[in-house]
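Q: The structure follows.
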Amino acid sequence: QVQLVESGGGLVQPGGSLRLSCAASGSIFSSNVMAWYRQAPGKQRELVATITRYSGTVYADSVKGRFTVSRENAKNTMYLQMNSLKPEDTAVYYCNTQPIQPMYWGQGTQVTVSS
């Protein structure tokens, strides 16, 4: 059974940094475009960043220049380095493939940016 497990969230002050991890079971990483998504309270889930098998990346305009997505295919793990965090980055962060496979949704990891 394929599972995606997100970790690394927490409470951070504005301007701070966090590094999220997404660990996958199975062979999902070897053949898929992976992505980070987030959902803020009262808002729809949105795409944050994508990364191809060969580490080509695309970012949402709202995080461009602040967030960096990376992956280690041998470890079936993807990361999201988040710098210069803003209160509007507060959300639950999820990983999944792109396009989304609903069966892969995990519990997500909460990121709260507040002073």
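The values are calculated or read from the model by the stated rules, or taken from the named source; none is laboratory data. These figures come from a predicted structure and were not determined experimentally. Cβ coordinates were reconstructed from backbone atoms using ideal geometry, including for glycine residues, and neighbour counts include every protein chain displayed. Side chains included, ligands, DNA and RNA excluded: accessible areas come from the protein's heavy atoms. Shrake-Rupley method; radii C 1.70, N 1.55, O 1.52, S 1.80 Å.
Q: For Gln44, indicate whether it is touching a residue at least 12 places away in the same chain (Cβ under 8 Å), open to solvent by 70 Å² or more (accessible area, probe 1.4 Å) and out of contact with any Leu (no Cβ under 9 Å at 6 or more places or on another chain).
A: Criteria not met by Gln44.
Q: Within the stretch 80-115, can you find the residues that are farther than 17 Å from Glu46 by Cα and out of contact with any Pro (no Cβ under 8 Å at 6 or more places or on another chain)?
A: Gln81, Asn83, Ser84, Met103, listed by residue number.
Q: Quick one: Leu80 ticks every box in (1) out of contact with any strand residue (DSSP E or B) (no Cβ under 7 Å at 6 or more places or on another chain); (2) part of a strand (DSSP E or B) except a single one, so which number is it?
A: Exception for Leu80: condition (1).
Q: Next question, about the same structure. Scan the stretch 24-36 and give yes if some residue there is outside any helix (DSSP H, G or I), farther than 15 Å from Val5 by Cβ and not polar (S, T, N, Q), otherwise no.
A: yes
Q: Now for a different question. Please verify whether the stretch 54-70 includes one or more residues that are among the acidic types (Asp, Glu) and either in a loop (DSSP other than H, G, I, E, B) or in contact (Cβ under 8 Å) with a residue 24 or more places away in the chain (or both). Please lay out each step first, then the result.
A: First pass over the stretch 54-70, keeping only residues among the acidic types (Asp, Glu): 61.
Now restrict to residues that are either in a loop (DSSP other than H, G, I, E, B) or in contact (Cβ under 8 Å) with a residue 24 or more places away in the chain (or both): 61.
Yes - at least one qualifying residue is present in the stretch 54-70.
Q: Inside the stretch 16-32, can you point out the residues that are at pLDDT below 80 and surrounded by fewer than 16 Cβ atoms within 10 Å (Cβ to Cβ)?
A: Result: Ser25, Gly26, Ser27, Ser30, Ser31.
Q: Hey, among the residues in the stretch 90-114 that are at pLDDT below 95 and more than 18 Å from Tyr79 (Cβ to Cβ), which one's surrounded by the most Cβ atoms within 10 Å (Cβ to Cβ)?
A: My answer is Trp105.
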